[in-house]
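First comes the structure, then the notes that go with it.
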Amino acid sequence: MSRIVYVNGDYVPEESATVSVFDRGFLFADGVYEVTSVLDGRILDFEGHVERLERSLGELGMEMPVPAGELLEIHRRLIAENDLREGTIYLQVTRGAADRDFIYPAAGTGQTLVLFTQARADLVDNPMAAKGLSIISIPDERWGRRDIKTVQLLYPSMGKMMAKAAGANDAWMVEDGHVTEGTSNNAYIVKDGTIVTRQLGNEILHGITRKAVLRFAREAQMKVEERPFTIEEAMAADEAFVTSASTFVLPVVEIDGTAVGSGTPGPVATRLREIYLDESRKSAI
Ligand code: PMP
């Protein structure tokens, strides 16, 4: 069945949804995006994602294409049009179409705003929650402003392919001897009851799920340390896990072929997944 997608003010069947070949998102990766999850037809962490979108746009000298309230209405209409109960909503804003030039076109050229839904039956019942992920480490060869959620995802895509070729589920990226983050998630280890994850900075994306999970962990009296850690430290940890908007919390059970802890999903990751699902369902809109 064809989806209804949103393109610059119109709700159209996916076959008729088009963007210009001059779009700077296409030519320069001059655009940013967000992905939110939908459970029971309601959006998780909407406010956090809109806040980050505004920040990403601001860092690139762009404005919000429509006010936040209108973005919520677009999300809701796409949920209704596509009868989405469980899945994700992808949103992309680019600087729009203009003659190819490295210099940004004058403001007011007209940004491109695209949103589409992806139905998923396995967001909550993700088999990896029980099985745990195996990951490999790879050098972090992305650009230096990973805090901006741009659409230039080629290196993360290469990283997932490297993991696949190695028979693993994903990759953690390493820079100057320390783990930055996963290809599409934030990375954590647990040692002696303390959760360790890299501090915020330009080196990582400021995950919306990270923010929520760290808050829930602290509320549950778990100890959290925001600092860099090495792959060796991760291999010797009791547990490891990742977070993202579409996977919530997933345990990592193997790093570069070495079992983490018992080699099975740990209690902290399992508990945090439950808390995240409960709490974000409650606050979903
Ligand atoms: N880091 C990277 C590099 C990502 O691509 C993502 C997912 N977009 C995340 C972290 C997790 O962020 P969020 O929890 O906001 O999905």
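Please go through the stretch 258-285 and pick out each residue that is part of a loop (DSSP other than H, G, I, E, B) and in contact with a strand residue (DSSP E or B) (Cβ under 8 Å, 6 or more places away or on another chain).
260, 261, 263, 264, 265, 266, 284, 285
Any idea which of 163, 121, 171, 129 is open to solvent by 80 Å² or more (accessible area, probe 1.4 Å), in contact (Cβ under 8 Å) with a residue 12 or more places away in the chain, touching a strand residue (DSSP E or B) at 6+ places or on another chain (Cβ under 9 Å) and closer than 19 Å to residue 250 by Cβ?
Among 163, 121, 171, 129, only 121 is open to solvent by 80 Å² or more (accessible area, probe 1.4 Å), in contact (Cβ under 8 Å) with a residue 12 or more places away in the chain, touching a strand residue (DSSP E or B) at 6+ places or on another chain (Cβ under 9 Å) and closer than 19 Å to residue 250 by Cβ.
Within the stretch 200-211, does at least one residue satisfy the condition of being among the acidic types (Asp, Glu) and buried (at least 24 other Cβ atoms within 10 Å of the Cβ)?
no
Give, as residue ranges, the strands (runs of 3 or more DSSP E) completely inside the stretch 134-203 that count at least 1 residues that are hydroxyl-bearing (Ser, Thr, Tyr).
178-182, 186-191, 194-197
How many residues are more than 22 Å from the chain's Cα centre (by Cα), of a type outside the set (D, E, K, R) and part of a loop (DSSP other than H, G, I, E, B) when one looks only at the stretch 83-111?
Of the residues in that region, 12 qualify.
Under 7 Å between Cβ atoms, which residue pairs at least 6 apart in sequence (or on different chains) link something in the stretch 137-154 that is over 13 Å from residue 34 (Cα atoms) with a partner that is assigned to a loop (DSSP other than H, G, I, E, B) and open to solvent by 40 Å² or more (accessible area, probe 1.4 Å)?
Sorted first by the residue in the stretch 137-154, then by its partner, the pairs are 137/256; 144/202; 145/202; 146/202; 146/203.
Which numbered condition trips up residue 230, out of (1) surrounded by fewer than 18 Cβ atoms within 10 Å (Cβ to Cβ); (2) within 15 Å of the ligand (Cβ to nearest atom); (3) among the polar types (S, T, N, Q)?
(2)
For every residue, the table says whether it meets (1) more than 21 Å from the chain's Cα centre (by Cα); (2) farther than 14 Å from residue 168 by Cβ; (3) of a type in the set (Val, Ile, Thr).
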position	(1), (2), (3)
220	yes, yes, no
225	yes, yes, no
228	no, yes, no
237	yes, yes, no
242	no, no, yes
252	no, no, yes
259	yes, no, no
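Read through the list (1) hydrophobic (A, V, I, L, M, F, W, C); (2) under 26 Å from residue 2 (Cβ atoms); (3) crowded, with 21+ Cβ neighbours inside 10 Å, then give the number of the only condition that residue 72 fails.
Residue 72 satisfies all of (1) hydrophobic (A, V, I, L, M, F, W, C); (2) under 26 Å from residue 2 (Cβ atoms); (3) crowded, with 21+ Cβ neighbours inside 10 Å except (3).
Scan the stretch 38-57 for residues that are open to solvent by 50 Å² or more (accessible area, probe 1.4 Å), outside any strand (DSSP E or B) and either away from the ligand (no atom under 16 Å from the Cβ) or farther than 21 Å from residue 283 by Cβ (or both) and jot them down.
Of everything in the stretch 38-57, just one residue is open to solvent by 50 Å² or more (accessible area, probe 1.4 Å), outside any strand (DSSP E or B) and either away from the ligand (no atom under 16 Å from the Cβ) or farther than 21 Å from residue 283 by Cβ (or both), namely 40.
The values are calculated or read from the model by the stated rules, or taken from the named source; none is laboratory data. All values derive from a computational prediction rather than experimental measurement. Quick reminder, even Gly has a Cβ in these numbers, built from the backbone with ideal geometry, and neighbours come from all protein chains shown. Ligands, DNA and RNA are excluded from the accessible area calculation, which covers all protein heavy atoms including side chains. Shrake-Rupley method; radii C 1.70, N 1.55, O 1.52, S 1.80 Å.
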